[in-house]
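What follows draws every value from the coordinates through simple rules; no lab data is involved. If you're wondering where the values come from, they're calculated on a predicted model, not measured in any experiment. Note that each Cβ is placed from the backbone with ideal geometry, even for glycine, and that neighbours are counted across all protein chains shown.
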Amino acid sequence: MKLVLDTNAYSDYAEGVPETVDLMATHGEQIYLPSVVLGELHFGFMKGKRQAFNEKKLRQFIDILNVDVINVNTDVARKYAAIYLSLEKKGTKIPINDVWIAASSMEVGGTLLTRDKHFDVVDQIETITLGTASDEPKAG
């Protein structure tokens with residue numbers, strides 16, 4: 001399975017949360033990080049007291065697991081617009097960075113690994129929401 005990590009999924013993995021580590025090891029044939037997630041992570045690192053350590057750990061994670069970074073490009077931007085329009089038509093809002101993360105997941109045909117249940121309203125992607133009883137992807 002192509003797993004696209006939300007910011008909180010990477011954080012859980014980095015902290016060694018067993019559910020996340022096991023799920024990634026079992027189902028992660030390929031791991032992806034949206035560039036928007038990288039931005040959120042670096043913001044958090046800059047606010048913290050262990051910036052250099054956390055940045056090194058992230059670089060090692062990307063290198064060792066051969067993680068692909070999903071850059072925002074024209075195709076991702078079009079998917080962002082489609083998702084945003086779909087949410088607007090339903091009268092539903094999610095954080096704007098999460099629309100970009102969903103568009104990135106849609107771009108690679110991946111399953112988004114997250115703790116945020118609000119991704120369930122994004123019909124265009126499959127998700128696995130951590131902390132739930134089921135690890136089965138939501139049909140999307």
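For Asp123 and Lys90 in one chain, what is 0.36 nm times their gap in residues minus the Cα-Cα distance, to one decimal in nm?
Between Asp123 and Lys90, full extension yields an extra 10.8 nm.
When only Cα pairs under 8 Å and 6 or more residues apart are kept, what is the percent relative contact order across the range 1-67?
It comes to 37 percent, rounded to a whole number.
Dipole magnitude of the range 2-129 about its Cα centre, charges +1 at Lys/Arg Cβ and -1 at Asp/Glu Cβ only, in debye to the nearest 20?
Computed about the Cα centre, the dipole is about 460 debye.
Match the structure shown to one of the listed values (1) 23, 17, 14; (2) 29, 17, 14; (3) 67, 24, 12 of semi-axes √(5λ) of the Cα gyration tensor in Å, computed from it, and give that label.
Label (1) holds the value from this structure.
Relative contact order, percent, of the chain when contacts are C-alpha pairs under 8 Å separated by at least 6 residues?
27
Choose one answer from Thr74, Thr111, Thr20: the residue with the largest mean-square fluctuation in a GNM of the chain with alpha-carbon springs under 10 Å.
Thr74
Which value in Å does the Kirkwood hydrodynamic radius of the range 53-124 take, with 1/r averaged over all unlike C-alpha pairs and then inverted?
The Cα-based Kirkwood calculation yields 13.4 Å.
For each of Glu88, Glu126, count neighbouring Cβ atoms within 10 Å of the residue's Cβ, then give the residues from fewest to most.
Glu88, Glu126
Using just the helices of the chain, give the 222 nm mean residue ellipticity in deg cm²/dmol: DSSP H runs with n ≥ 4 each add -39,500 (n - 2.57), and the total is spread over all residues, rounded to 500.
-17000 deg cm²/dmol
Pick from Ala102, Ala25, Ala77 the residue whose mean-square fluctuation is largest in a GNM of the chain, springs joining Cα atoms under 10 Å.
Ala25
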